[in-house]
1. Would you please calculate the Kirkwood hydrodynamic radius of the stretch 63-103 over all C-alpha pairs and express it in Å, rounded to one decimal?
2. Please give, to one decimal in nm, the separation of the simple spin-label points placed at Asp274 and Glu108, each 7 Å out from Cα toward the Cβ.
3. Enter the accessible area of Ser200 (Å², nearest 10), with the probe set to 1.4 Å and all protein chains included.
4. Which peptide among 247-253, 273-279 comes first, and what is the full order, when sorted by highest mean count of other Cβ atoms within 10 Å?
5. Checking the cross-link filter: which lysines have an alpha carbon closer than 21 Å to that of Lys281, excluding same-chain neighbours under 8 positions apart?
6. Let me make sure I get this right: for the chain, a, b and c are the square roots of the gyration tensor eigenvalues over alpha carbons, sorted descending. Under 1.5 in a/c it's rounded, otherwise prolate if a/b > b/c, else oblate. Which is it?
7. Just to confirm, what accessible area per residue do you get for the stretch 159-257 at 1.4 Å probe, in whole Å²?
8. Of the accessible area of the stretch 263-335, with the probe set at 1.4 angstrom, what percent is carbon plus sulfur?
Amino acid sequence: MSDCFSLSDCDVIGFDLDHTLCQYRLQDSNKLIYDSFAQYFVTEKGYSEELLSVTPEEWDFCSKGLVLDLEQGNFLKLGADGTILRACHGTKPMSGEQIEAVYGEKREWKHFKSINGTYVRSAKYYFYDNYFDLPGALLCAKIVDSLQMTDGQNKYDFWKDMVSAVEHNYKTSAFKENCGTYFPAVKNDPNKYLKPCPESVKNWIRSLKNAGKVLLIITSSHSDYCRLLCEHILGKDFEELFDIIITNALKPGFFSLTPQQRPFWTLENDVEIDVLPSLEKPGWYSQGNWRQLYNLLTRITRKPELKVVYFGDSMRSDIFSARLYSNWETVLILEELEGDEVHEPDMTDLGSSLTKKGKYDSLQPPEPYFVSKKWGSYFADTITDGKSAQETPYITWCCASIRNYSTMTIPSIKAIVDLSLDYKFTRFSSNNSDTDGYYPHPPKILLPQNKEGAAA
């Protein structure tokens, strides 16, 4: 495999929708998502009304990459080998001694082998890897704070209510039925929650189309919500930009191997009508699987072997599954590459820098990512030995996963739209450094002078 990656070499370019093509106004959307869960817990399940209020300081708890240990009520930040780097019981930080009292002196989380390299779901834990999930993480932490374990109870029992809250607010019929809290609010005032796509991104998509690339949207959103998002961010003519749109894809299930693969369905007025034994032509479809999609793509392009690249923001639903099962190239959209964690090069020679790295407007980030004070860097951390006070550096599990499963990682699509189609990106590979796959700038904590041999 080449150490470089270029979009000009790809036959098919696919996109997730939420936080990939569609960017949210996080302050307002986070509050709305939180309220959609909290109101259900309070009004339908009888939880404390204290859950309805969130202080500005509490939002600092939200950090991607956390794992909720449902048996203990603990949130965990994991190293690449499964070592627990930090933990909170509910929202309350746990000391090193408290972590060792629960998980042993080596701070090993017993389910790490089950989730590492599989991202499999379990009734014993939940992994938070995208912004849509994070308000729910804060709510769950506040629920743990409010609950007292009864005698003989060995795990927290609120997760079934979270599942019910998701079903109530986000079931496929919720948008049409105008039920729950989330969809009615977004339908009523989309400008409050969604950012229109920059013209530069729209022009970039058109340039891909004009260059003969087959363009896809593959989203787990239902067709009616997808249409609202696309019309708002791309315009009423968004369907002209894409050859195939697949909604309700139920990722990562879309990328699963047989016999779990789901069939495609036709749509009529946003209702799934007929099951399709195969895809015969471009269009808008529901559910489905990557294998039947791939067969259609080979017919469209008249190429038996295709090079497909997929852009997404979720390691579990987009990047890991598309790479492992479909062997697609994958580009992870990671907002953490904007703001406090990013290494900015010397910008004295601005002209040569822009020539080398494209015209990405990193001097004016739209909504900088701020590092959580409670959880620290998304990419690396240290553990301090209580006896010797010696610090041991670690790469996080999320950071190791980025290198293992993504071809490259960017803060947003806007970062690459001014580059030529044949621009050669350096990919993550065994031949390159740990930071070569990050574009346009790597996290500064991973640079040699900062990581000091952090454990892989």
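1. Result for the stretch 63-103 stands at 10.2 Å.
2. Here the answer is 5.6 nm between the modelled labels.
3. Roughly 40 Å² of Ser200 is accessible to a 1.4 Å probe.
4. Result, highest mean first: 247-253, 273-279.
5. Excluding near neighbours in sequence, the set is Lys209, Lys213, Lys303, Lys307.
6. Details: a/c = 1.62, a/b = 1.18, b/c = 1.37.
Judged from the Cα gyration tensor, the chain comes out oblate (a/c at least 1.5, b/c at or above a/b).
7. 39 Å²
8. Working: 1550 of 3130 Å².
Whole-percent figure for carbon plus sulfur exposure: 50.
The values are calculated or read from the model by the stated rules, or taken from the named source; none is laboratory data. Here the structure is a predicted model, which means the values were calculated and not measured. A quick note on method: Cβ atoms are made from the backbone with ideal geometry, for glycine too, and the neighbour counts reach across all protein chains shown. Quick note on the areas: whole protein, heavy atoms, side chains included, nothing else; ligands and nucleic acids left out. Shrake-Rupley method; radii C 1.70, N 1.55, O 1.52, S 1.80 Å.
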